[in-house]
Amino acid sequence: QVQLVESGGGSVQPGGSLRLSCSVSGTIFRAYDMGWYRQAPGKQRDMVATITRGGSTTSATSVKGRFTISRDNAKNTVYLQMNSLKPEDTAVYYCNADLTTTWFDGRSLYWGQGTQVTVSA
């Protein structure tokens with residue numbers, strides 16, 4: 001059974017930094033694209049940043065220059081370094097992973113349970 005566990009969320013003042021981690025555990029053959037999404041109260045879940053297995057990244061315009069996504073393939077872990085945080089970054093942050101559990105299975109998308117990030121003075 002595959003599980004994604006996020007950590008590193010919390011409360012921070014504007015201008016501060018946080019680093020989120022998401023570890024994938026269970027029976028995994030290969031993890032492909034991984035990403036971070038966020039959902040603020042009353043809003044839809046939006047993409048924050050994604051990263052391919054080879055390290056190519058995309059990020060939302062609102063976080064460019066402030067957030068950096070990275071991954072460790074050996075640890076099946078994806079990270080999100082968040083700097084210069086703003087109140088509008090407040091949301092529940094979710095990670096996901098597109099992966100296979102055996103060599104003959106197709107790819108499936110898994111989600112973590114989410115971690116709260118609150119930015120306020």
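The values are calculated or read from the model by the stated rules, or taken from the named source; none is laboratory data. It should be emphasised that the depicted structure is a prediction, and the values quoted were computed from it without experimental measurement. Cβ: placed from backbone, ideal geometry, glycine included. Neighbour counts: every protein chain shown. Side chains are part of the model used for accessible areas, which takes the heavy atoms of the whole protein and leaves out ligands, DNA and RNA. Shrake-Rupley method; radii C 1.70, N 1.55, O 1.52, S 1.80 Å.
Give the carbon-plus-sulfur fraction of the accessible surface of the chain in %, rounded to a whole number; probe 1.4 Å, heavy atoms of protein chains only. Carbon and sulfur atoms account for 47 percent of the accessible area of the chain.
Taking the Cβ-Cβ separation of Tyr32 and Ser11 as r and a Förster radius of 30 Å, what is the calculated FRET efficiency to the nearest 0.05? Could the numbers behind the result be given before it?
Numbers: r = 33 Å, r/R0 = 1.10.
Once rounded, the FRET efficiency stands at 0.35.
Per residue, the range 1-119 exposes 52 Å² of accessible surface when a 1.4 Å probe is rolled over the protein heavy atoms with every protein chain present. The length gained by stretching the chain between Ser56 and Gln113 to full extension, at 0.36 nm per residue less their Cα-Cα distance, is 18.0 nm.
Would you mind calculating the relative contact order of the range 41-105 from Cα pairs under 8 angstrom and at least 6 residues apart, reporting the percent as a whole number? Intermediate results must be reported in sequence, preceding the final value.
Values: 47 pairs, mean separation 13.4, N = 65.
Computed over the range 41-105, the figure is 21 percent.
Just to verify a number: FRET efficiency for Asp72 and Gln39, C-beta to C-beta distance, R0 = 35 Å, to 0.05?
Efficiency for this residue pair is about 0.85.
Among Ser108, Ser56, the order of accessible area from largest down is Ser56, Ser108, computed with a 1.4 Å probe on protein heavy atoms. As a length-normalised measure over Cα pairs under 8 Å and 6 or more apart, the relative contact order of the chain settles at 36 percent. FRET efficiency for the Thr100 to Arg19 pair, using the beta carbon distance and R₀ = 35 Å, is estimated at 0.80.
Remark: the chain carries a charge dipole of roughly 160 debye about the Cα centre, counting +1 on each Lys and Arg Cβ and -1 on each Asp and Glu Cβ.
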